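Readers should treat all values here as calculations from the given coordinates under stated rules, not as data from a laboratory. On a predicted model such as this, the values are computed, not experimentally measured, just so you know. As a convention, Cβ positions derive from the backbone with ideal geometry for all residues, glycine included, and neighbour counts pool all protein chains shown.
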Amino acid sequence: MVAQQLASGPKMGAEKLIIRSEKARFIDIMSLLLLRRPITSYPFVEAGDQTAADFGSTPGDWFVALTEVIQKALAAAYYPALFIGAAVEFLLNFIALNNGILGIIWNIFRCKLVIPLNREAPNYRSMIGMIDGRTELKPLPAGGGPDDRRLQVVGVSAGKATEEEFYVDVESGECGSAAVPLVQQQYVNGRLLRLRTYSVFEVTVMAAKLAYENAAYIENVVNNVWKFNFVGFYSCWNKFVGDHTTQAFVATDRASDASVVVVSFRGTEPFNMRDWSTDVNLSWLGMGAMGHVHIGFLKALGLQEEDGKDAARAFPKATPNAAAGKPVAYYKVREVLREQLKKHRKANVIVTGHSLGAALAAIFPALLAFHGERDILDRLLAVNTYGQPRVGDKTFAAYVRANLPVEPLRVVYRYDVVPRVPFDAPPVAEYMHGGTCVYFDGWYAGRAIAAGGDVPNPNYFDPRYLLSMYGNAWGDLFKGAFLWAKEGKDYREGAVSLLFRAAGLVIPGLASHSCRDYVNAVRLGRIAAKEA
């Protein structure tokens, strides 16, 4: 089946559709809706020869027009949002570092007022860190037993674990000893789902959340809170944007003889409208056997040419020449992984990210496969993403399934808006998700959706889901206010988190994108296992 899908992939010739939203005029958007002209006839649309021939007289539908309206709104809000975001983060850090309003008054009186001018300081938190300040990894319970259903997900069949293999004595210090790695694969009920001491979900969701912070903050948490080993933080260059727009960090569970190397990409920053614009953009590039892949995410990873004819030229295997201080994300992370896997001969690789970072985490191993990097791929343990937008078409999904040694797991919480973009708008943009979706609804009740399946309200704007979406927003606000009473102080939410949840009452699905709910879902959620 996979071979058939790959065989029916992109044709020879230029396969690309690039929508230059900055060139689209209001009259063009109205024309998309009313005149129904062929999508490739508009001056702001750049289509490859083969794409133009395939589309023929195909008009742009209302999802294309809606996307352009959203892009215009995001572009208009870019600078205001940037300034507001910087002011809000400064104010929140000012309050936090002085221990509240009363602390500010007391520190003024003592002449010890803390003013957070250095955004790269190890105690400076991003907006994401203000919404959810938790940094500790939560160990697996010692007495869960092999029939514990928490975090159980459809995965790879293996032998059934015994009681002796499953139990871990936390109190005796067995966790993290030389004999038991901090992160070790476990099989339960014939399904690949857990790690000894820390679940793969716990490590990846916390790494995805931590990636939003600055380098010094990440290093401090990895080394001193997790007791892992911080390898490096990489701020990488996007030649098309002309800025360092992609960030990632790498860590190992130990400085020597590590069992796992963790790669985490930074996601969509709440006040960065350029990130949101990338998530929504419908543009794609033909990448040969990989199929059609979102061009914005390819650019963030290191695309070199907008070439729909030669994928090897667009994204070459050899590391391109980069100016000093301008590393390219895919190549830099690949280089670091090679070094770490040579250093740690028994280590495996975990790749993760939230939001935009999840998109990069999903494409990164596909590019490794495209370039034949078997030395890294053969040691790939997991690709877990959270709140991931769509990154490619069905050919891309089939390519990933055929060429990766593991099934990517994509976690989605309720009506999170980001996994529902870019819109699936065939034939202009035939985006679909791949891998197995772990979908959480209600009070962190979850289910696995097989590869090719999608979550409810997949394109977000279906009016049939409107009442449910607003009902979920009210439910999440109520839950955020009172969950601590049932689950303990780790689940107590502050004013910043509750205010962000309240934003979901205006734009339903926005608050569901919070890292807090993804962390809660991993720690509190239960997923019924499928029988083999």
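List of remarks:
- Exceeding the 28 Å Cα-Cα cut-off - candidates 227/332; 72/299; 138/239; 309/394; 72/239; 209/299: 138/239
- ³J(HN,Hα), Karplus 6.51/-1.76/1.60, whole Hz, each residue of the stretch 83-99, x for Gly, Pro: 5, 5, x, 4, 5, 5, 5, 4, 4, 5, 5, 4, 5, 5, 6, 9, 6
- If the segment from residue 326 to residue 443 were pulled out straight at 0.36 nm per residue, it would be longer than the present Cα-Cα gap by 37.7 nm.
- Virtual spin-label span in nm between residue 101 and residue 123, 7 Å along Cα→Cβ: 2.2 nm
- 3J(HN,Hα) along the stretch 367-382: 5, 4, 5, 4, 9, x, 7, 5, 4, 8, 4, 5, 10, 6, 9, 7 Hz, from the Karplus curve 6.51 cos²θ - 1.76 cosθ + 1.60 with θ = phi - 60°, whole Hz, x for Gly and Pro.
- The value given for the chain is a Kirkwood hydrodynamic radius of 24.0 Å, derived from the mean inverse Cα-Cα separation.
- With a Förster radius of 60 Å applied to the beta-carbon distance between residue 136 and residue 30, the computed FRET efficiency rounds to 0.70.
- For residue 488, net neighbour charge (Lys/Arg +1, Asp/Glu -1) across residues whose Cβ lies under 14 Å away: +2
- Extension gain, residue 227 to residue 23: 0.36 nm times the residue separation minus the Cα-Cα distance gives 68.5 nm.
- The alpha carbons of the stretch 1-135 stretch over 73, 43, 20 Å along the principal axes, in descending order.
- Beta bridge orientation in the chain: antiparallel %, DSSP, nearest 5: 65 percent
- Over 21 Å [Cα-Cα, the stretch 304-403], rounded percent: 38 percent
- Local electrostatic count, residue 353, Cβ distance below 12 Å [Lys/Arg +1, Asp/Glu -1]: +3
- Distance between the modelled labels on residue 310 and residue 86, one decimal in nanometres: 4.2 nm (7 Å Cα→Cβ projection).
- Positive-pole candidate from 380, 216, 457, dipole of the chain, charges at beta carbon: 216
- Listed peptides 252-265, 220-233 by packing density, highest first (mean Cβ within 10 Å): 252-265, 220-233
- Entry note, the chain: relative contact order of 15 percent, from Cα contacts under 8 Å with a spacing of 6+ residues.
- In summary, the convex hull built on the alpha carbon positions of the stretch 376-510 has an orientation-averaged projected area of 10.0 nm².
- Spatial offset of the stretch 247-283 relative to the stretch 113-127 amounts to 21 Å, using the alpha carbon center of each.
- Karplus-based coupling profile of the stretch 324-336, in residue order and whole Hz: 4, x, 10, x, 9, 3, 4, 6, 5, 5, 4, 4, 5, with θ = phi - 60° in 6.51 cos²θ - 1.76 cosθ + 1.60 and x standing for Gly or Pro.
- Charge context of residue 57, other residues only, Cβ under 10 angstrom, K/R +1, D/E -1: +2
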